[in-house]
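Participant: Can you read through this structure? Questions will come right after.
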Amino acid sequence: MLTVAVTDHQDLDTGAVSVFFDPTETLIVLVGDVDRVLSDDLEHAGRDAIDHAQSITIDAAGVTFMDSVGVAFLVRLAAGIATKQQVVLRDPSLSVLDLLQITGSIPLFRVTSS
Amino acid sequence: MRRDALPPEVSAASTTPGPALPALLDQAAAAILLVDVATTEVLYANDLAQAMAGRAALPLSVDRWGALAGLTDPAGGGLAGSGGPLSQVCRGLPVAGELIRREPRQACGGAGDEQARQTSDSGLHVDDVTGPLWVTGFPLEGDAELNGRTLIVFLRLRGGAGAAVEVGSAAASAAVRIRAVLAMDLAFTIADATSEGLPLVWVNPAFTQATGYAFDRAVGRSCSFLQGPDTDPAAVERLRVALRAGRPVVETLLNYRADGTPFWNEVAISPVLDSAGRLVNFVGIQADVTARVAVEAELAEAYRLERAARAIAESAMAQTSLLADVSHAVTRVDAREAMPQVTDLLAPAWCGWAAVYLSADAGLTCVAVSGPEPTTPRLLGHRLARGRAPQPLAGLLDTGAASLVVAEQLDPLWRLGCDAGMVVVPLRVREQLLGVLLLGSPRIEGRGTDPLREHLLLADAVATRVALALDISRLYEREHTLAQKLQLALLPDLPSVSGLDLVGHYLPSTDAASIGGDWYEVLPLPDGRVLVAIGDVEGHDIDAATTMGRLRSALQSYALEGHGPAALVGWLEQALTALALPRLASVCVGLLERPTTDAPGRLRWSAAGHPPSLLRRADGRVEVLDGAQSPMLGARTERHREHEAVFGVGDLLLMYTDGLIEDRRRSLGDGIALLAGQLAVADVDDLSTLSRTLVAAGPATVEDDAAFVAVRALAAIA
């Protein structure tokens, strides 16, 4: 498995984004606060994932806080991949679901729980 | 000094070598005996020799003296009765530089350790005279009193080899040869201590060789005859004082050979006492150390150069450190605030006082002064009108380089603490004068070959860093101001619409660097409806601001064509794609039909990724308009929905961006609920009051920018 650790995980005061490339699927793991502090990392990770052009799963179980920057990242992923595919959002917290609901972004994702 | 009389190697040493220079002859290590050849008894001994043998009473047989002093052959065997150097000397044979050893701990058993450890007059501990010693002996002839006697000198020659080299090794045998030659080259003299003028009574051949004076020409004369015009009188005086006191002494002084050529002579003179402790002779040992003096002069010069190089290196390090500190101090959003730190770094370390004037309003104002009272002028706040600064300052400000002004040329204003003048350093970037740095009484002494030039270069380097930082701050501020102006220019002056009260407000982020993409729009349409919209473009830069402007223009155009809210959002989605704008954006578009005397008003809206608008009813109830929401613009959503609500007289619509309720301690949903609660109890009769209430209730520090627009139906229109 090819791994791209985009954020330094030791610095969990902020958040972190990691991208894992499997042969069939790209997994993006979000932890901590996913906000504007993470802007550059998110942009980087998003571009890598979209360039890889395969189905994307986002593990959001570890997200403690998300703002509009986080929403924009998720929406960009959803808009970036092929139209017939759907981004899978795994184990989002209630606050993340709430945020996606309020901003009308829920239809872009297939929400699953493990 | 008559330098022309000196050979080159002597000229190299400009002064007599001082006491700090190492001596070839370790004076205190010269133990001297006078022995009667017939009886082989020690008649006289100098102080060190007496101490070595535990101060046993003289006369004493040489063998006994040797045993008490702990002398052995190099291998540690006894000296007495052997064919060793002492026996040889006692048989009247000359001995030149024979090696023996001294082990004082095995010696003078009868005398006791306490006695053996005593210190000689010369201050040297006798235990220091251990290990290899060099014994030299001369049968004395020529003087009636000396005939039949022999001079024995034990030397611990300098160089460390005497103590460090273990006898028997290859290195030791080489050292032995060198020492032997050296010992043979030593000139010995004996002077009569009982006669006026201390006449010489004996000299050895090495003395003749070294000085050019044959035995006959030397004996009978005072030993001062070697002195000449450039001999240091102070060194001679030190010799005389020591001899008068009967103390051993070592001096290096400039002497003259018989042919008049000078040489550096290291002289060690020891008083020699008889058995009753009376002073009988002075034994002198001399060495021509001219070559060494020259070498030492070179060493001293090399040392001086090394120290100078070190001083330059240290100075360079201090300069580098100053520049790093200045750079660090001025690296901030507003470099002007760092000017007191800059002057603190400069004074008093590099100058008496330091001041910075910065350009402001067609003049220069002093913003920082550092330096100790009372020699620092009180310049803070002082203004220099541009173009009317006193000379020579005005002229220097135009030149752009650091310059030194002497005290006499200075305006009295700056003369305080400027005895050593003042360095004027303009702070310039791209031909523009941003200010001036003044250094009162610069410390420019003693660094490098051209201290003034070096100091001015350093001042220029400091000024360059300060000026660049000031310039960056200025550009930064200008860019931020520009961005804010752009933002405000893109936001509408709210129109006056009959029957409606309107307020719109934009809050830039607290972080001065960032520019927002938040916008709002109110536009009365030809069909009587009123467009009310708000949006937020992702990102915080000029691109975000321009994207916002283009979206707003597109919205205005589409709205004027009469489309409904969902269609308008759809058009904006397409516009974002068509214009190849890489940003995501949220938007909420409302179309308002004002209440008329015939019908209640109506609001139709559609949103994309935007927090829901709030509708405050006339009775204070607040509704969250969370329907008709689709994903953000840029997600390529194909169908957008729209909802509608009644909008009656007294009702108030509030649209906002998420920056207004941003708080990482709570969710967006909670933030919306909180805002709704505030709106329910707010005073809405005056919308400017509402605006202030919302700003005050918002986050104290706005990480994101924020905007809101509120519309209230005041009355039904006809």
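Participant: Remind me, relative contact order of the range A:2-112 in percent, using alpha carbon pairs under 8 angstrom and six or more residues apart?
Facilitator: Details: 209 pairs, mean separation 24.6, N = 111.
Once normalised by length, the contact order is 22 percent.
Participant: On a C-alpha basis, how far is the centre of the range B:419-482 from the centre of the range A:51-82 in Å? Whole number, if you could?
Facilitator: Each part's Cα centre sits 51 Å from the other's.
Participant: What residues of the range A:30-52 lose no less than 40 Å² of accessible area with every protein chain in place versus their chain by itself (probe 1.4 Å, heavy atoms only)?
Facilitator: When all protein chains are present, A:R36 each give up 40 Å² or more of accessible surface.
Participant: Under the rule of -39500 (n - 2.57) per DSSP H run of 4 or more residues, summed and divided by the residues of chain A, what mean residue ellipticity at 222 nm is obtained, to the nearest 500 deg cm²/dmol? Walk me through the numbers before you get to the answer.
Facilitator: On the way: 3 runs with 36 residues, N = 114.
For chain A, the value works out to -10000 deg cm²/dmol.
Participant: FRET efficiency for B:D36 and B:D450, Cβ-Cβ distance as r, R0 = 60 Å, nearest 0.05?
Facilitator: Between B:D36 and B:D450 the formula returns 0.25.
Participant: Can you give the average number of partner chain beta-carbon atoms within 10 Å of each beta-carbon in peptide B:630-640, as a whole number?
Facilitator: 6
Participant: Accessible area per residue of the range A:2-112 at 1.4 Å probe, in Å²?
Facilitator: Accessible area per residue, the range A:2-112: 44 Å².
Participant: Given a Förster radius of 60 Å and the C-beta distance between B:L299 and B:R430 as r, what FRET efficiency does 1/(1 + (r/R0)^6) yield to the nearest 0.05?
Facilitator: Efficiency at R0 = 60 Å is approximately 0.65.
Participant: Tell me, which residues of the range B:529-558 get at least 30 Å² less accessible area when the other protein chains come in, versus the chain alone (1.4 Å probe)?
Facilitator: B:E538
Participant: Something else about it: From the phi of every residue in the range B:427-435, what ³J(HN,Hα) in whole Hz does the Karplus formula 6.51 cos²θ - 1.76 cosθ + 1.60 yield, where θ is phi - 60° and glycine or proline is x?
Facilitator: For the range B:427-435, the Karplus-derived couplings read 9, 10, 9, 6, 6, 10, 7, 9, x Hz, x marking Gly and Pro.
Participant: Please compute the average number of Cβ atoms from other chains found within 10 Å of each residue's Cβ in peptide B:660-667.
Facilitator: On the way: counts 0, 0, 4, 2, 6, 1, 2, 9.
For peptide B:660-667, the averaged partner shielding equals 3.
Participant: Next question. How much of the calculated P(r) for the range B:227-374 lies past 21 Å, in percent of all Cα pairs? Mind showing how you got there, number by number?
Facilitator: Working: 7478 of 10878 pairs.
Roughly 69 percent, rounded to a whole number.
Participant: Can you give the accessible area buried between chains B and A, summed over both chains, with a 1.4 Å probe, in Å² to the nearest 100?
Facilitator: Accessible area lost upon association: around 1700 Å².
Participant: Please compute the modelled spin-label separation between B:L323 and B:R238, points set 7 Å along Cα→Cβ, answer in nm with one decimal.
Facilitator: It is 4.7 nm.
Participant: I would also like to ask the following. For the range A:2-112, with only Lys/Arg (+1) and Asp/Glu (-1) charged at the beta-carbon, what is the dipole magnitude about the Cα centre, in debye rounded to 20?
Facilitator: Dipole about the Cα centre, nearest 20: 560 debye.
Participant: Take peptides B:649-661, B:33-45 and line them up by average Cβ neighbours within 10 Å, highest first, as a rough protection proxy.
Facilitator: Peptide ranking by packing, descending: B:649-661, B:33-45.
Participant: If you count the DSSP beta bridges with both ends in the range A:2-112, what percent of them are antiparallel, to the nearest 5? Intermediate values should be presented prior to the final figure.
Facilitator: Numbers: 11 of 26 bridges.
In the range A:2-112, approximately 40 percent of DSSP beta bridges are antiparallel ones.
Participant: Return the average number of partner chain Cβ atoms within 10 angstrom of each residue Cβ along peptide B:398-408.
Facilitator: Details: counts 0, 0, 0, 0, 0, 0, 0, 0, 0, 0, 0.
Across the residues of B:398-408, the mean count of other-chain Cβ atoms within 10 Å is 0.
Participant: Amide H neighbours of B:S61 under 5 Å, counting only residues 5+ apart in sequence or on other chains, H built in-plane at 1.01 Å?
Facilitator: HN-HN under 5 Å from B:S61: B:V42.
Participant: Report the Cα centroid-to-centroid distance between the range B:533-596 and the range B:260-303 in angstrom, as an integer.
Facilitator: Between the Cα centres of the range B:533-596 and the range B:260-303 lies a distance of 103 Å.
Participant: Additional query: Under a point spin-label approximation (7 Å from Cα along Cα-to-Cβ), what is the B:E623-B:R247 distance to one decimal in nm?
Facilitator: Inter-label distance under the simple model: 11.5 nm.
Participant: Can you compute the modelled spin-label distance between B:A407 and B:R278, with each label point 7 Å from Cα toward Cβ, in nm?
Facilitator: Taking the simple label geometry, B:A407 and B:R278 are separated by 7.0 nm.
Participant: Taking amide H atoms as placed 1.01 Å from N in the peptide plane, list the residues 5 or more away in sequence, or in a different chain, whose amide H sits under 5 Å from that of B:L500.
Facilitator: Hits under the 5 Å cutoff: B:L714.
Participant: Further, regarding this structure: Can you work out the Karplus-derived ³J(HN,Hα) for every residue in the range B:63-72? Use 6.51 cos²θ - 1.76 cosθ + 1.60 with θ = phi - 60°, whole Hz, and x for glycine or proline.
Facilitator: Result, ordered by residue: 4, 5, 4, x, 5, 5, 7, x, 7, 9 Hz.
Participant: From the phi angles alone, apply the Karplus equation (6.51, -1.76, 1.60; θ = phi - 60°) to the range B:86-93 and give each ³J(HN,Hα) in whole Hz, x where the residue is Gly or Pro.
Facilitator: Each residue's phi maps through the Karplus curve to give 5, 4, 4, 4, 6, 8, x, 9 Hz.
Participant: Using packing as a proxy for protection, rank B:601-610, B:580-589, B:56-65 so that the peptide with the highest average count of other Cβ atoms within 10 Å comes first. Intermediate values should be presented prior to the final figure.
Facilitator: Numbers: B:601-610: 26.0, B:580-589: 22.6, B:56-65: 18.2.
Listed from highest to lowest mean packing, they are B:601-610, B:580-589, B:56-65.
Participant: What FRET efficiency do you get for B:I472 and B:D598 if R0 is 60 Å and r is their Cβ-Cβ distance, rounded to the nearest 0.05?
Facilitator: The computed FRET efficiency comes out at 0.45.
The values are calculated or read from the model by the stated rules, or taken from the named source; none is laboratory data. Since this is a predicted model, take the numbers as computed values, not measurements. All Cβ positions, glycine included, derive from the backbone under ideal geometry; neighbour counts span all protein chains shown. Just so you know, the surface numbers come from the protein's heavy atoms only, side chains and all, with ligands and any DNA or RNA stripped out. Shrake-Rupley method; radii C 1.70, N 1.55, O 1.52, S 1.80 Å.
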